[in-house]
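Participant: Sharing a structure with you now.
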Ligand SMILES: NC(=O)c1ccc[n+]([C@@H]2O[C@H](COP(=O)([O-])OP(=O)(O)OC[C@H]3O[C@@H](n4cnc5c(N)ncnc54)[C@H](OP(=O)(O)O)[C@@H]3O)[C@@H](O)[C@H]2O)c1
């Protein structure tokens, strides 16, 4: 087990000094490396009153930092419906670091949805960098046109669900995306894990119990999974533990 080190927004370990190896990281064969970031309560809930509002200031700083290291940030449409989603790097230091690593100034923002029926009034659609909405072939032309008019690029993979491996291969091939940060939510995470597409997990465990009836776990899947998380780094502070885990899949 790795040593647990103290962490806070202004603490002994500077959040922005962590996990720098992700920036400019290598692809996994024909698809990008996929890292997942989630925050959960001590009783395993990933939603609270329909939001993801579980973590502290330090957790949010860590999320912003992870975004600044990724080539693309990916979410499911359920997360966009519940929250605003603005994967924008704003600190000068982070932008300089991206430039030094020869990465684009901003990560590509991606939302997946079967039919492309996504809320177009979200700040996501006003971001200056490229935004992508990945849909299935079932998405009608009218929905695709609405998304395009809102300023996003529309791509389609798969008959009724987005074919996630095909999307990832396309991202590497067509947009040189080598590192994807997935920010959930739980149903997209379940699909990615079932397809063995998550390589590592950044998990914040908040030391609070919410016990909200009907709240989602951080993984929601229609089929049972056997996925192991191997701890690599661990920090503690602000009433939370922050872990970095390598993912292994049973045969
Ligand atoms: N604790 C955390 O760290 C965290 C992180 C993120 C979100 N959340 C919370 O989680 C809740 C939302 O949960 P959720 O499970 O509904 O979110 P989600 O996984 O982001 O969204 C599910 C939706 O994503 C789309 N989707 C997923 N896989 C797809 C595929 N292979 N092909 C096409 N579309 C696909 C579908 O959209 P369509 O219905 O449009 O087809 C599906 O209904 C919110 O309360 C949010 O705040 C928590």
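The values are calculated or read from the model by the stated rules, or taken from the named source; none is laboratory data. Predicted model only: the values in this text are computed from it and were never measured. Quick reminder, even Gly has a Cβ in these numbers, built from the backbone with ideal geometry, and neighbours come from all protein chains shown.
Participant: Using the structure shown, decide if residue 190 is crowded, with 17+ Cβ neighbours inside 10 Å and more than 18 Å from residue 28 (Cα to Cα).
Facilitator: Answer is yes for this residue.
Participant: Considering only the range 70-85, how many residues are more than 12 Å from the chain's Cα centre (by Cα) and away from the ligand (no atom under 13 Å from the Cβ)?
Facilitator: 0
Participant: Enumerate the pairs (first residue in the range 96-107 and surrounded by fewer than 16 Cβ atoms within 10 Å (Cβ to Cβ); second residue anywhere and modelled with pLDDT of 95 or more and assigned to a helix (DSSP H, G or I)) with beta-carbon separation below 9 Å, excluding pairs fewer than 6 apart on the same chain, so at least 6 apart or on different chains.
Facilitator: Hits for this filter: 101/69; 105/95; 105/98; 105/99.
Participant: Turning to a different aspect of this structure: Looking at the range 40-56, I want the residues that are over 16 Å from residue 240 (Cα atoms) and assigned to a loop (DSSP other than H, G, I, E, B) and have a partner that is within 8 Å of the ligand (Cβ to nearest atom) and modelled with pLDDT under 95 with Cβ atoms under 6 Å, at least 6 apart or on another chain. Which pairs are those?
Facilitator: Cβ pairs passing all conditions: none.
Participant: Report every pair of residues separated by at least 6 positions or lying on different chains whose Cβ atoms are under 8 Å apart, first residue within the range 178-190 and in contact (Cβ under 8 Å) with a residue 12 or more places away in the chain and on the phi > 0 side of the Ramachandran plot, second part of a strand (DSSP E or B) and more than 8 Å from the ligand (Cβ to nearest atom).
Facilitator: Final answer for the pair search is 184/36.
Participant: Report whether or not residue 212 is under 28 Å from residue 27 (Cα atoms), surrounded by fewer than 17 Cβ atoms within 10 Å (Cβ to Cβ) and within 14 Å of the ligand (Cβ to nearest atom).
Facilitator: no
Participant: I need the full set of residues from the range 88-117 which are assigned to a loop (DSSP other than H, G, I, E, B) and either at pLDDT below 95 or more than 16 Å from the ligand (Cβ to nearest atom) (or both), in order please. Give the steps one after another, and end with the answer.
Facilitator: First pass over the range 88-117, keeping only residues assigned to a loop (DSSP other than H, G, I, E, B): 88-91, 101-107, 113-117.
Correct list: 88, 89, 90, 91, 101, 102, 103, 104, 105, 106, 107.
Participant: List the residue pairs whose Cβ atoms are under 8 Å apart, where the first residue sits in the range 71-83 and is within 13 Å of residue 132 (Cβ to Cβ), the second is more than 6 Å from the ligand (Cβ to nearest atom) and part of a helix (DSSP H, G or I), and the two are 6 or more positions apart or on different chains.
Facilitator: From the range 71-83, the pairs are 71/175; 72/171; 72/175; 73/67; 80/124.
Participant: Here's something else I'd like to know. Looking only at the range 224-247, decide whether some residue is farther than 26 Å from residue 166 by Cβ and part of a loop (DSSP other than H, G, I, E, B).
Facilitator: Yes: the range 224-247 contains one or more residues that are farther than 26 Å from residue 166 by Cβ and part of a loop (DSSP other than H, G, I, E, B).
Participant: Please work out if residue 139 is more than 24 Å from residue 39 (Cα to Cα), within 11 Å of the ligand (Cβ to nearest atom) and in a helix (DSSP H, G or I).
Facilitator: So residue 139 fails the test.
Participant: Residue 16 is checked against (1) outside any loop (DSSP other than H, G, I, E, B); (2) touching a strand residue (DSSP E or B) at 6+ places or on another chain (Cβ under 7 Å); (3) away from the ligand (no atom under 16 Å from the Cβ) and fails just one. What number does that condition carry?
Facilitator: Failing condition for residue 16: (2).
Participant: Continuing with the same structure: Quickly run through the range 150-172 and pick out the residues that are free of Cβ contacts under 8 Å to residues at least 24 places away in the same chain and outside any loop (DSSP other than H, G, I, E, B).
Facilitator: 153, 155, 156, 166, 170
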